[in-house]
2 protein chains.
Amino acid sequence: MGAIICCGLGPGDPELMSVRADREVRAAKHVAYFRKKGHPGQARRIVEGLLAEDVCEYPMEYPVTTEISFGSAEYVRLLADFYDECAERLARLASVAKVVVLCEGDPYFYGSFMHLHARLQGRVAIEVIAGIPGMAGCWNSVGQPIALGDDVTTVLMGTLAEDELERRMRNSDALVIMKTGRNLQKVRRALVSADRLADAWLVERGTMPGERVARLMDVHEADCPYFAIVLVHGRGRRMECAE
Amino acid sequence: MGAIICCGLGPGDPELMSVRADREVRAAKHVAYFRKKGHPGQARRIVEGLLAEDVCEYPMEYPVTTEISFGSAEYVRLLADFYDECAERLARLASVAKVVVLCEGDPYFYGSFMHLHARLQGRVAIEVIAGIPGMAGCWNSVGQPIALGDDVTTVLMGTLAEDELERRMRNSDALVIMKTGRNLQKVRRALVSADRLADAWLVERGTMPGERVARLMDVHEADCPYFAIVLVHGRGRRMECAE
């Protein structure tokens, strides 16, 4: 009997994988992972050097997305078909073998595997192993507590509308902004409007080779960082009452 | 030359410690950790069975807190003195040896060690190893994605005022409420007012022996759960654009 083991791989440094995920990855006979066409894939990169020599790999390649605008009906349909197909393939494979699905960060926290998780419910046994979320790797790299005491922490996607970003940036002690990429200029403008830019950090490739930690105001506007998260640290509201 | 290695131990299951933290814990000659007087301490409990036989242990016991009200000037002073004293002790020890400080969850995310971290800056070399935050262990135990797509996730402390809790519960897709304990009834009332109670889960001792996962509405009002986090899952705003 087979099963799917979805391994949260953590933020990027393979030593930050959990003991359990590390063991599953090393013992895997079949591994599946998402990647963009023509790219090695972030999850696959994290486990480089850990996989068994005779492992079978099943890359799941996102359909080409550059020609079609995000959010268009066609794009939505393409992606849904893609996830259907991946789920089908995994379900078939997992009916006879144990398949380890590699997922960066923590799978249940904005993870792409959840698109398959929903489709595979009731069809195959699924175990999910928690991982350190990417954001935790990033705030670790800055070396300051992201939140303390009674701080409110808000996690925002850079894909949100600028006015919503601004409003929420104004109303939270600590901030984490994910999916920055093409949205970084909008995120920066919202931080300026919310008067939080001076406290914002950009962490690119957190815990990975080529890591960069910089104050966002020192990052050139034309710069387009990869795997980047923006952080604003809380100051520890009523910290003395913290426990 | 000594140093302090602060190990994030993750949510409770020792197999969810990172590979690096696991190695440091097993190799440690000196370990320090917080605990309440008369209790083994949550961090210490996680590493039970992993420590070397000849390890030296340095429990840091919180001053008795039951007779003095939280937030009072006296309590604040007592705690500040306690942290000063702990920092002094660790700095002395770390000037000649490597000391592993055990911290549940992720140290930079509302971790008590940060009170010492601030006091030890510039006095001794400190390395912090990220861990899976307690909340991630809890949402893993529920087995559903806590947030997807463009969901906004808000992390709240149960110590906040009820009206602030209610307002923020109303205005976020996904919710994590920590420091529930004595605040659980207030948290429940705020969830009712914000019309989110029906979707709330309580996870007690997440990933640990005696774990309980229940809908909060099914938890008796007189019940006083330990190490409990309340979760409300997001529904995946604009999930199709999530990439």
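The values are calculated or read from the model by the stated rules, or taken from the named source; none is laboratory data. Predicted, not measured: the structure shown is a model, and the values here were computed from it. Cβ: placed from backbone, ideal geometry, glycine included. Neighbour counts: every protein chain shown.
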Those residues of region A:129-153 which are touching a helix residue (DSSP H, G or I) at 6+ places or on another chain (Cβ under 7 Å) and surrounded by 24 or more Cβ atoms within 10 Å (Cβ to Cβ) amount to A:Ile129, A:Ala130, A:Gly131, A:Ile132, A:Pro133, A:Gly137, A:Pro145, A:Ile146, A:Leu148
Taking strands (runs of 3 or more DSSP E) that do not extend beyond region B:16-119, which have at least 3 residues that are not hydrophobic (A, V, I, L, M, F, W, C)? B:30-36, B:56-62
Among the residues of region A:11-33, how many are at the interface with chain B (Cβ under 10 Å from one of its Cβ atoms) and touching a strand residue (DSSP E or B) at 6+ places or on another chain (Cβ under 7 Å)? 7
Among what's in region B:51-68 and is modelled with pLDDT under 70 and surrounded by fewer than 11 Cβ atoms within 10 Å (Cβ to Cβ), pick the residue that is farthest from B:His30 (Cα to Cα). B:Glu67
Looking at region B:191-239 only, could you name the residues that are of a type in the set (D, E, K, R), closer than 22 Å to B:Gly149 by Cα and crowded, with 18+ Cβ neighbours inside 10 Å? B:Arg196, B:Arg237
Among the residues of region A:22-35, are any in contact with a Ser or Thr (Cβ under 6 Å, 6 or more places away or on another chain), under 19 Å from A:Glu204 (Cα atoms), in contact (Cβ under 8 Å) with a residue 40 or more places away in the chain and buried (at least 21 other Cβ atoms within 10 Å of the Cβ)? no
List the residue pairs whose Cβ atoms are under 9 Å apart, where the first residue sits in region B:94-114 and is more than 9 Å from every other protein chain (Cβ to nearest Cβ), the second is among the acidic types (Asp, Glu), and the two are 6 or more positions apart or on different chains. B:Lys98/B:Glu24; B:Val100/B:Glu24
How many of the residues in region B:137-186 are of a type in the set (S, T, N, Q), over 30 Å from A:Leu79 (Cβ atoms), in contact with a strand residue (DSSP E or B) (Cβ under 7 Å, 6 or more places away or on another chain) and within 7 Å of chain A (Cβ to nearest Cβ)? 0
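Does region B:119-130 include one or more residues that are facing another protein chain (nearest Cβ under 7 Å), under 21 Å from the mean Cα position of the chain (by Cα), in contact (Cβ under 8 Å) with a residue 24 or more places away in the chain and within 22 Å of A:Tyr108 (Cα to Cα)?
Checking region B:119-130: at least one residue is facing another protein chain (nearest Cβ under 7 Å), under 21 Å from the mean Cα position of the chain (by Cα), in contact (Cβ under 8 Å) with a residue 24 or more places away in the chain and within 22 Å of A:Tyr108 (Cα to Cα).
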